[in-house]
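Undergrad: Handing you this structure, nothing more for now.
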Amino acid sequence: MDLKRKLQLAAYALFILSLFAVPLFTDDFGLNRASKYLVYGMLGLSIALTWGYAGVLNLGQGLFFGLGAYMMAMSLKLMSPTSLAQGSDKPIPDFMLWNAEPDAPIELCCITPGSYLWIPFQDQWFGVAMGIVVPVVVAGLLGALVFKNRISGVFVSIITLALVLLVRLIVIDAQPVTNGFNGLTDLGFFTVFGYEFDPYSREMYYLVAVSLAFVLVAGRLLADTRASLILQAIRDDQQRARHLGFDVPLYQTFFFVVSAAIAGYAGMLFVLVSEFASPTFMDLSFSVTMVVWAAVGGRSSLLGACIGAILINVIESQVSETEALVDAWKAIIGLIFVLVVLFLPRGLGGLAHDFVDWLARRDREKAHGLAASSSSPEREVKQDV
Amino acid sequence: MSDALTLDRLTVKFGAFVAVDDVTMSIADGELRVLLGANGAGKTTLMDMISGRVPCTQGHVRVFGRDITNWQEHKIAAAGVGRKFQIPSVFRNLTVKQNIEVARCHGQSVFKNLRFGMSPSDSDRVAEIVELIGLAAVQSLVAAHLSHGQTQWLELGILVAQDPKVVLLDEPTAGMTHDETYKTAEIIRRLRGNHTLLVIEHDMSFVREIAEIITVMHLGKVIAEGSVSDIETNDEVRAAYLGSAGIS
């Protein structure tokens, strides 16, 4: 194993260890906040997977995040005590009563148009499953359509951008089913075998931390496969890759789907931690913010993008809470972004890679220098011959 | 000897313009065929049609008797047709070694390649190929940093690694110095025998060095076919391609 690989492993191990050390230093309120940052870290990673490895800049990652979030929130909404106190023996979301016709039956089947969609969500695990399945199916269809037709570069970005805005509009518009602009609030606790996950608890933090560690390791393993090497080849030259016999759209769609699944999972975790789901998850600014995180952290480094997302959010919360900087914090974040793009186009991850390269080169030169001095007499002899 | 590549009345029209007109040609297994012609004769378009980049309007392409006309590029490649582009195209952000490794990954599907590393025999082959194309010293360098000649050899190496039965080479020596051309001829000679080659080339000294049979195209049509000396003395070829001055 070479030096580069060793340092990479060390970086991953150190990061994951420090994830589990956080509870030693902060209280439950701080842990709730830290959990949100870790979810953002997961989103940064999902962006890096498509942007850095596949060369596909997704400006609508919020779509998959939002879909995952809503699926989870629908189940949790039905588990909320208020949903059980709406005058029916089955749970009914409170907002549906506000949106219902006066003489509508108080039943999920028909209280509002489309409310029947909620029926299977009475089972929490259905919501969990859909939180992955829906983003995967949407990404699969979108990917197949876009990549089969050889759409690439900025056009993919435009399509994803338009799609997230479209879905956001639909969610807002379908108020009787989604509670529109208000989103889903007043949710129940996520429950596993009778144990309730309190958002302000160590257990919830560990759930998120274990999830992030798992996604990081799985993402790293995926990035080390031959398929990922081929994907990077496709990013560099699609046509060349086609003539080598690779089914290019299949590779692109596969990694797009994996990224969407990660974003959907992040969306579910975010709902557990923050106890709401809202159309703001599909705001354009949020999706663009994710891209900024990945750019600062390093789009071609999974760990880098993850750390970038966490770092920016930590800085943002610190700056925005400092009295003197209350008005200026957005400008400060903007400035950081501009500086990174200007001077570190490959982000913090790129900086780390350069440093490791420099170390490796120095090592090699040392070894080479020794070898050269011991073998140089021999070489001279050879040249004479 | 069976025919490796058969073109049967191949035609392509771009609007009213007929770029390749009724081309029929067959290349025997293991043969090296040179395709000659002035700019705009339709040579590259012909390669695009064989490799699936440009859909044929009429006619058939057969590889070892199998009809591959208008298949998708990756399926044609999987059927055993590899090609080198006129403008060298390699994976610029991957290292030299990774470029060869990618070409050595078998299977079209993403699921077949969800595994780590190469088999020992494939890694040995990759090392051999890097040696063959003379880029062993720069194998961990990113391909974007290679010189023009080195990039051309890397693309040839990619083809060797892919190991297609039929190899299409579009001007493999374009923009090369004399020494580089010599080395390229060496690599192409190594491909010979195990592969069937179709080569587009302008450099006559290079053509004389490698060619067995030459096919000459002019304005989308095949106007002559034969050995180097046949072609050099053919009046129609002189008029169409070589000009009154003949072959220099």
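The values are calculated or read from the model by the stated rules, or taken from the named source; none is laboratory data. Being a predicted model, the structure only gives us computed values, none of them experimental. FYI the Cβ positions are ideal-geometry reconstructions off the backbone, even for glycines, and counts take in every protein chain you see. Accessible surface areas use protein heavy atoms only, side chains included; no ligands, DNA or RNA. Shrake-Rupley method; radii C 1.70, N 1.55, O 1.52, S 1.80 Å.
Undergrad: What number of residues within segment A:174-200 satisfy the criterion of being without any contact (Cβ under 8 Å) to a residue 40 or more places away in the chain and on the phi > 0 side of the Ramachandran plot?
TA: 2
Undergrad: Whether any residue in segment A:72-87 is buried (at least 24 other Cβ atoms within 10 Å of the Cβ), among the charged types (D, E, K, R) and touching a residue at least 24 places away in the same chain (Cβ under 8 Å) is what I want to check.
TA: yes
Undergrad: Restricting attention to segment B:152-180, report how many residues are surrounded by fewer than 21 Cβ atoms within 10 Å (Cβ to Cβ) and over 19 Å from B:D203 (Cα atoms).
TA: Selection size over segment B:152-180: 2.
Undergrad: If you scan segment B:20-38, which residues turn out to be of a type in the set (G, A, S) and open to solvent by less than 10 Å² (accessible area, probe 1.4 Å)?
TA: If the condition is that a residue be of a type in the set (G, A, S) and open to solvent by less than 10 Å² (accessible area, probe 1.4 Å), then B:G37 is the only one that fits.
Undergrad: Could we say that A:F214 is surrounded by fewer than 16 Cβ atoms within 10 Å (Cβ to Cβ), on the phi > 0 side of the Ramachandran plot and out of contact with any strand residue (DSSP E or B) (no Cβ under 7 Å at 6 or more places or on another chain) here?
TA: No.
Undergrad: Hey, another quick one. Just give me the residues in segment B:171-190 being out of contact with any Asp or Glu (no Cβ under 7 Å at 6 or more places or on another chain) and assigned to a helix (DSSP H, G or I), in sequence order.
TA: B:H178, B:D179, B:E180, B:Y182, B:K183, B:T184, B:E186, B:I187, B:I188, B:R189, B:R190
Undergrad: How many of the residues in segment B:65-93 are farther than 25 Å from B:L141 by Cα, part of a loop (DSSP other than H, G, I, E, B) and not polar (S, T, N, Q)?
TA: Selection size over segment B:65-93: 5.
Undergrad: While we're here: Out of (1) at pLDDT 95 or above; (2) open to solvent by 10 Å² or more (accessible area, probe 1.4 Å); (3) within 25 Å of A:W125 (Cβ to Cβ); (4) more than 13 Å from the chain's Cα centre (by Cα), the odd one out for A:A13 is which?
TA: Just one mismatch for A:A13, condition (3).
Undergrad: Which of the residues belonging to segment B:120-139 are in contact (Cβ under 8 Å) with a residue 24 or more places away in the chain and open to solvent by less than 40 Å² (accessible area, probe 1.4 Å)?
TA: Across segment B:120-139, the qualifying residues are B:V126, B:I129, B:V130, B:I133, B:L135, B:V138.
Undergrad: Please go through segment A:239-271 and give me each residue that is away from chain B (no Cβ under 14 Å) and surrounded by fewer than 24 Cβ atoms within 10 Å (Cβ to Cβ), ordered by number.
TA: A:A261
Undergrad: Out of segment B:96-116, which residues are facing another protein chain (nearest Cβ under 9 Å), part of a helix (DSSP H, G or I) and open to solvent by less than 40 Å² (accessible area, probe 1.4 Å)?
TA: Across segment B:96-116, the qualifying residues are B:N99, B:E101, B:V102, B:A103.
Undergrad: In addition: Can you tell me which residue within segment A:154-168, out of those that are within 23 Å of A:V273 (Cβ to Cβ) and aliphatic (A, V, I, L, M), is surrounded by the most Cβ atoms within 10 Å (Cβ to Cβ)?
TA: Restricting to residues being within 23 Å of A:V273 (Cβ to Cβ) and aliphatic (A, V, I, L, M), the top hit is A:V164.
Undergrad: Next up: Out of A:V128, A:V134, A:V138, A:V171, I need the residue that is among the β-branched types (V, I, T), crowded, with 19+ Cβ neighbours inside 10 Å and in contact (Cβ under 8 Å) with a residue 24 or more places away in the chain. Which one?
TA: Exactly one residue qualifies, and that residue is A:V171.
So that you can scan it fast, the table gives a plain yes or no per residue for (1) free of Cβ contacts under 8 Å to residues at least 40 places away in the same chain; (2) at the interface with chain A (Cβ under 8 Å from one of its Cβ atoms); (3) acidic (D, E):
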| residue | (1), (2), (3) |
| --- | --- |
| B:M25 | no, no, no |
| B:A38 | no, no, no |
| B:F85 | no, yes, no |
| B:M118 | yes, yes, no |
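Undergrad: If you don't mind, there's one more thing I want to ask. Take A:G298 and decide whether it is on the phi > 0 side of the Ramachandran plot and either within 14 Å of chain B (Cβ to nearest Cβ) or touching a strand residue (DSSP E or B) at 6+ places or on another chain (Cβ under 8 Å) (or both).
TA: So A:G298 does not fit the description; no.
Undergrad: Report, by residue number, each residue of segment A:294-342 that is small (G, A, S) and under 19 Å from A:N58 (Cβ atoms).
TA: Listed by number, the residues that qualify are A:A294, A:A295, A:G297, A:G298, A:S300, A:S301, A:G304, A:A305, A:G308, A:A309.
Undergrad: Continuing with the same structure: Collect the residues in segment A:95-121 that are farther than 27 Å from A:G60 by Cβ, surrounded by fewer than 16 Cβ atoms within 10 Å (Cβ to Cβ) and not aliphatic (A, V, I, L, M), keeping them in residue-number order.
TA: Those that are farther than 27 Å from A:G60 by Cβ, surrounded by fewer than 16 Cβ atoms within 10 Å (Cβ to Cβ) and not aliphatic (A, V, I, L, M): A:W98, A:E101, A:P102, A:D103, A:P105, A:E107, A:C109, A:C110, A:P113, A:Y116.
Undergrad: Residue by residue through segment A:216-238, note down the ones that are closer than 30 Å to B:V54 by Cα and more than 7 Å from every other protein chain (Cβ to nearest Cβ).
TA: Of everything in segment A:216-238, those that are closer than 30 Å to B:V54 by Cα and more than 7 Å from every other protein chain (Cβ to nearest Cβ) turn out to be A:S228, A:L231, A:I234, A:R235, A:Q238.
Undergrad: Also, I was wondering about something else. Hey, any hits in segment A:293-301 for a residue that's free of Cβ contacts under 8 Å to residues at least 24 places away in the same chain and open to solvent by 10 Å² or more (accessible area, probe 1.4 Å)?
TA: No; the residues of segment A:293-301 include none that is free of Cβ contacts under 8 Å to residues at least 24 places away in the same chain and open to solvent by 10 Å² or more (accessible area, probe 1.4 Å).
Undergrad: Does A:E203 meet the test of being on the phi > 0 side of the Ramachandran plot and more than 7 Å from chain B (Cβ to nearest Cβ)?
TA: no
Undergrad: To continue, here is another question. Those residues that are open to solvent by 50 Å² or more (accessible area, probe 1.4 Å) and among the charged types (D, E, K, R), I need them from segment B:181-225; list them, please.
TA: Result: B:K183, B:E186, B:R189, B:R190, B:R192, B:D203, B:R208, B:E209, B:E212, B:K221, B:E225.
Undergrad: What single numbered condition from (1) assigned to a helix (DSSP H, G or I); (2) out of contact with any Lys or Arg (no Cβ under 6 Å at 6 or more places or on another chain); (3) open to solvent by less than 10 Å² (accessible area, probe 1.4 Å) fails to hold for A:G52?
TA: Just one mismatch for A:G52, condition (2).
Undergrad: Taking segment B:63-79 only, how many residues are open to solvent by 70 Å² or more (accessible area, probe 1.4 Å) and either touching a His at 6+ places or on another chain (Cβ under 9 Å) or away from every other protein chain (no Cβ under 12 Å) (or both)?
TA: Qualifying residue count, segment B:63-79: 3.
Undergrad: Could you tell me whether B:G52 is open to solvent by less than 40 Å² (accessible area, probe 1.4 Å), over 23 Å from B:K221 (Cα atoms) and under 15 Å from the mean Cα position of the chain (by Cα)?
TA: no
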